[in-house]
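Only one structure is covered here, and it is reproduced in the block below.
The values are calculated or read from the model by the stated rules, or taken from the named source; none is laboratory data. Only a predicted model underlies this, so the values are computations on that prediction, with no experimental measurement involved. Ideal geometry is used to build each Cβ from the backbone, glycine not excepted, and the neighbour counts take in all protein chains shown.
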Amino acid sequence: MANTASAKKATRVIARRTAINQSRRSRVRTFLRKLDEAIASGDKAAAVAAFRVAEPEIIRAAQKGVLHRNTAARKVSRLAHRIAKIGA
């Protein structure tokens with residue numbers, strides 16, 4: 001258990017940041033799930049629309065430190081490739 005005032009404050013800050021990060025991670029997962037469903041349906045228009053909404057969320061998560069920037073770039077790239085394959 002934290003003894004000093006600074007350690008007690010640090011635990012409060014960590015708890016607050018953890019809650020924020022969990023919320024952001026959940027938000028990204030929700031958008032990814034909706035995009036996966038749109039891709040699975042085979043409707044390219046719906047998939048493109050879902051991608052346009054999901055991409056900024058993924059990038060924002062990387063900027064906020066929830067995802068590594070390379071991970072975010074890889075996810076965006078792979079999703080774009082999956083959408084491109086729908087029409088072909």
Take the conditions buried (at least 18 other Cβ atoms within 10 Å of the Cβ) and among the small types (Gly, Ala, Ser) and apply them to Ala47. Does it pass? yes
Condition check: out of contact with any Gly (no Cβ under 6 Å at 6 or more places or on another chain) and among the charged types (D, E, K, R). Does Lys8 satisfy that? yes
With the requirement that a residue be surrounded by fewer than 19 Cβ atoms within 10 Å (Cβ to Cβ), assigned to a helix (DSSP H, G or I) and not aliphatic (A, V, I, L, M), what does region 58-84 give you? Arg60, Gln63, Arg69, Asn70, Thr71, Arg74, Ser77, Arg78, His81, Arg82
Among Ala15, Ala46, Ala19, Ala40, which is the only one that is part of a helix (DSSP H, G or I), in contact with a helix residue (DSSP H, G or I) (Cβ under 7 Å, 6 or more places away or on another chain) and either small (Gly, Ala, Ser) or modelled with pLDDT under 95 (or both)? Ala46
